[in-house]
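See below for the structure under consideration.
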Amino acid sequence: MTFTQRHLLGIEPLAPHEITTLLDLADQYVALNRRDVKHGDVLAGLTQINMFFEASTRTQASFELAGKRLGADVMNMSMQASSIKKGETLIDTAMTLNAMHPDLLVVRHPHSGAVDLLAQKVNCAVLNAGDGRHEHPTQALLDALTIRRAKGRLHRLNIAICGDIAHSRVARSNILLLGKMENRIRLIGPPTLMPAGIGEFGVEVFDDMRAGLQDVDVVMMLRLQKERMDGGFIPSEREYYHRFGLDAEKLAHAKPDAIVMHPGPMNRGVEIDGTLADDINRSVIQEQVEMGVAVRMAAMDLLARNLRAARQPGAQGVMV
Amino acid sequence: MTTILIHNARLIDPEAGTVSPGSLLIKDGRIAAMGAEVAVPKDARSIDARGACLAPGIVDIGVKVCEPGERHKESFRSAGLAAAAGGVTTIVTRPDTTPAIDSPETLEFVTRRANEAAPVRVLPMAALTKGREGREMTEIGFLLDAGAVAFSDCDHVVRNTKVLSRALTYARSLGALVIGHPQDPGLSDGAAATSGKFASLRGLPAVSPMAERMGLDRDIALLEMTGARYHADQITTARALPALMRAKRNGLDITAGTSIHHLTLNDMDVADYRTFFKVKPPLRAEDDRLAVVEALRDGVIDIISSMHTPQDEESKRLPFEEAAAGAVGLETLLPAALRLHHAGELTLPQLFRALALNPANRLGLPQGRLAVGAPADLVLFDPDAPFVLDRFSLRSKSKNTPFDGARLQGKVRGTFVNGTCVFGDL
């Protein structure tokens, strides 16, 4: 199997076999991460810079840990506080960083397409850690790994994605990934939180949660941002919870062994019932966090191999 | 003034709707004679067109020249040279400068700068409200006296309908033309793309194409109220067309334009967040583009403009949402419009009706036609000559064209303003 990408900017450019390659490697890293000695050295000597233009705790920590476990030198830059405030443009920031010769650049940015733009200007491998409403590829990959390990396969599953689809990069990446792997995707949410033209994505759209959850294998909940709760997109938090919050009663419409997922951080009592989220028989939310580190290790490993290969003339992709 | 005979040309007459081989005689800045057989005075300088097309020069309504305020993006000199190279003989400038052209004093500055720097005719528009803020109307009477040919707040839609209705009523009493930007300001707020599959896939904040129809419907209702002379700057969606047709049929004094970019590109052209394709309103779906082309052919839409909007590299090399909107178009207007001719969608006379005759008529100008006695504002061009556009070859100071690297056909061989050759080696 080959993985030929130079960057991981989104799920859109990935071929199904590349997704499988990455997930297979991530499985190996799950095993490594469960050992007492968690050190690998495939990124030894490489420099990883985490640039977060938008606040993040979990994703940044996950990328940092992934890099460190594989031996990279990791640096975190919190960009909300620095040069952007001084008026430096994204491209200037990129050029400045590029001059420091990083090998892996992990970027989160509040605007769609910003990571693509940055990737055009640097010589290293760029990983998109979330750009605006566009994509969040490592989240979709860790979700895929979680599903594959829980369900034993990543195809022909009925998967419901529920909540604020319109503003969610997690939803977009998941729709693309799960579609490429030939699953049936249902989107559930109020029409004000559904993007235009979504019907053309090869998904089924529901605004009734019970109907949408009927016989699904996987329920993916999305986070509802606080600023969307009051009157703008939905009437109120409590009405949202009543109609679209996941609780045991609504979940009863799904298959008896359906798993519950959430990218975190959760709003307990808004999009998901707290008890349900903690139910280890149904919720795989903690596993998602664990898979996150492994998937990011795999992604950086593969990109680093391609980077090294590209630095030696004549090479095309890597064999795994 | 010299006497010039252009012979062996294909004369494009948008009034008659004909393309006919013949000659044209320029004398004292005017068209003195034209047709298959033209008597040649002894002192005439003769130019062999070698079968190229000779058409009235383009009258481009809605050009942004960034003086005052942002001269590093475009000056009257650079815009004028670009216009001449593009066969545009009259540019009608927008008042959305910094500061806005909203007083007779700033308008006089524009007129003076234009006269000393631009090789083509420059006619200024003025803002409809002070500072384009939509609160108080400008001195429409004084501005008319100072030479304003139309009044517009450009892409700042006047939200307050009471303010707009008064401005329209006042403008009507003076016979002033008001140019609106039909767009519902609430719905289109913050949008960078047209809503649909593409915008959703790219995660861009988007506006429904319906916002245009809502804006147009509102303006049409105000026209019924006030009877003002009105021109919609850009109609770009299919859904706005029935309202426009109805308004025209009901005898309102309304015309509509569209931009060359909406006629030749669609939303998919944005591809991987290419900011040179970010314009205002955003590029539409292909169905809308086709509907607009058809409306142009049927005369529902009257005018094609370049909507020339220079932006420097810094304001474009940003994430798509943050990047400035607008594209330069003076030099690419004609070759891009000729795509419609080569695609069989519009004839050459139909094109020049929308590029020259209709805009001139709307502004009450004697230009825009091939007629004896009309000013000799002309463009001589080879409609078939192919080339690949290199944006750095453009004469505009700003190079933000969506046609960079595009294969185009149509080269201007000469541009005449008032009988004087301002571009080309003729």
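Values in this text are rule-based calculations from the coordinates and carry no lab data. All of these numbers come straight from a predicted model, not from anything done at the bench. When we count neighbours, we look across all protein chains shown, and the Cβ atoms used for this are built from the backbone with ideal geometry, even at glycine.
Which whole number gives the average, over all residues in A:111-121, of C-beta atoms from other chains lying within 10 Å of the residue C-beta? List each step's numbers first, then the result.
Details: counts 11, 12, 15, 6, 2, 5, 8, 1, 0, 3, 1.
Shielding by partners across A:111-121 averages 6.
With 20 Å bins from zero, work out the P(r) of chain B over every alpha carbon pair and list the percent per bin.
Result, from short to long distances: 28, 60, 12, 0 percent.
Of B:Lys64/B:Lys130; A:Lys68/A:Lys226; B:Lys280/B:Lys399; B:Lys248/B:Lys280; B:Lys278/B:Lys397, which pairs sit farther than 23 Å apart, going by alpha carbon to alpha carbon?
Numbers: B:Lys64/B:Lys130 18 Å; A:Lys68/A:Lys226 33 Å; B:Lys280/B:Lys399 17 Å; B:Lys248/B:Lys280 25 Å; B:Lys278/B:Lys397 18 Å.
Cα-Cα > 23 Å for A:Lys68/A:Lys226; B:Lys248/B:Lys280; rest within.
Would you work out the relative contact order for chain B, in percent, from Cα pairs under 8 angstrom that are 6 or more residues apart? Kindly include the intermediate steps, with their values, before the conclusion.
Numbers: 1058 pairs, mean separation 84.9, N = 426.
Worked out over chain B, it gives 20 percent.
Rounded, prolate or oblate: pick one for the range B:109-200, where a ≥ b ≥ c are the square roots of the eigenvalues of its C-alpha gyration tensor, a/c under 1.5 means rounded, and failing that, prolate if a/b is larger than b/c, else oblate.
On the way: a/c = 2.86, a/b = 1.42, b/c = 2.01.
Verdict is oblate for the range B:109-200.
Note down the net charge around B:Arg317, summing +1 for each Lys or Arg and -1 for each Asp or Glu among other residues with Cβ under 15 Å from its Cβ. Don't skip to the end; give the middle numbers.
Details: positive: A:Lys121, B:Lys73, B:Arg274, B:Lys278, B:Lys316, B:Arg391, B:Lys399; negative: A:Glu88, A:Asp92, A:Asp116, B:Asp272, B:Asp312, B:Glu313, B:Glu314, B:Glu321, B:Glu322, B:Asp404.
Around B:Arg317, the surrounding residues sum to -3.
Counting Lys and Arg as +1 and Asp and Glu as -1, what is the net charge of the other residues whose Cβ lies under 12 Å from the Cβ of A:Leu177? Before the final figure, lay out each step's value.
Details: positive: A:Arg148, A:Arg172, A:Lys180; negative: A:Glu12, A:Glu18, A:Glu135, A:Asp143, A:Glu182.
Taking every other residue near A:Leu177 into account, the sum is -2.
What's the exposure ranking of B:Glu116, B:Glu133, going from fewest to most Cβ atoms within 10 Å?
On the way: B:Glu116 9, B:Glu133 14.
Ranking B:Glu116, B:Glu133 by Cβ neighbours within 10 Å, fewest first, gives B:Glu116, B:Glu133.
Project the alpha carbons of the range A:1-130 onto their principal axes and report the range along each, largest first, in whole Å.
Sorted from largest, the Cα extents of the range A:1-130 read 45, 33, 25 Å.
Which percentage, to the nearest 5, of the DSSP beta bridges contained in the protein assembly as shown is antiparallel?
Details: 33 of 98 bridges.
Expressed as a percentage, antiparallel bridges in the protein assembly as shown total about 35.
Compute the relative contact order of chain A as a whole-number percentage, counting only Cα pairs closer than 8 Å that sit 6 or more residues apart in sequence.
Values: 616 pairs, mean separation 68.0, N = 320.
Computed over chain A, the figure is 21 percent.
Quick one: 3J(HN,Hα) in Hz for the range A:155-164, Karplus 6.51/-1.76/1.60 with θ = phi - 60°, rounded, Gly and Pro as x.
8, 6, 10, 8, 10, 9, 10, 10, x, 7
Taking N as the number of residues in the range B:362-415, what is its alpha-carbon radius of gyration divided by 2.2 N^0.38 Å? Walk me through the numbers on the way to the answer.
On the way: Rg = 15.1 Å, N = 54, 2.2 N^0.38 = 10.0 Å.
Relative to the rule-of-thumb radius for its length, the range B:362-415 sits at 1.51.
Between rounded, prolate and oblate, where does chain A land on the alpha carbon gyration tensor, with a ≥ b ≥ c its root eigenvalues, rounded for a/c under 1.5, else prolate if a/b exceeds b/c?
On the way: a/c = 1.87, a/b = 1.46, b/c = 1.28.
Prolate, because a/c is 1.5 or more and a/b exceeds b/c.
When Lys and Arg each count +1 and Asp and Glu each count -1, what net charge do the other residues less than 9 Å away from B:Thr90, Cβ to Cβ, add up to? Write down the numbers at each step before the final one.
Details: positive: B:Arg121; negative: B:Asp60, B:Asp377.
Overall, the nearby charge balance is -1.
Given the DSSP H assignment, sum -39500 (n - 2.57) over each helix run of at least 4 residues in the protein assembly as shown and divide by its residue total; what's the result at 222 nm in deg cm²/dmol, nearest 500? All intermediate terms of the calculation are to be shown ahead of the outcome.
Details: 24 runs with 239 residues, N = 746.
Helix contribution divided over all residues of the protein assembly as shown: -9500 deg cm²/dmol.
Is the protein assembly as shown rounded, prolate or oblate when judged by the Cα gyration tensor, a ≥ b ≥ c being the square roots of its eigenvalues, rounded requiring a/c under 1.5 and prolate requiring a/b larger than b/c?
Details: a/c = 2.52, a/b = 1.93, b/c = 1.30.
Because a/c hits 1.5 or more and a/b exceeds b/c, the protein assembly as shown counts as prolate.
Could you check how many percent of all C-alpha pairs in the range B:305-426 are farther apart than 25 Å?
Numbers: 2345 of 7381 pairs.
Percentage above 25 Å: 32.
Looking only at other chains, what is the average number of their beta-carbon atoms within 10 angstrom of each beta-carbon in A:189-197?
3
Mind checking which lysines have their Cα closer than 30 Å to the Cα of B:Lys42? Skip sequence neighbours fewer than 8 apart in that chain.
B:Lys27
Around A:Ser283, which amide H atoms from residues at least 5 apart in sequence, or from another chain, sit under 5 Å from its own amide H, with H modelled in the peptide plane?
A:Val260
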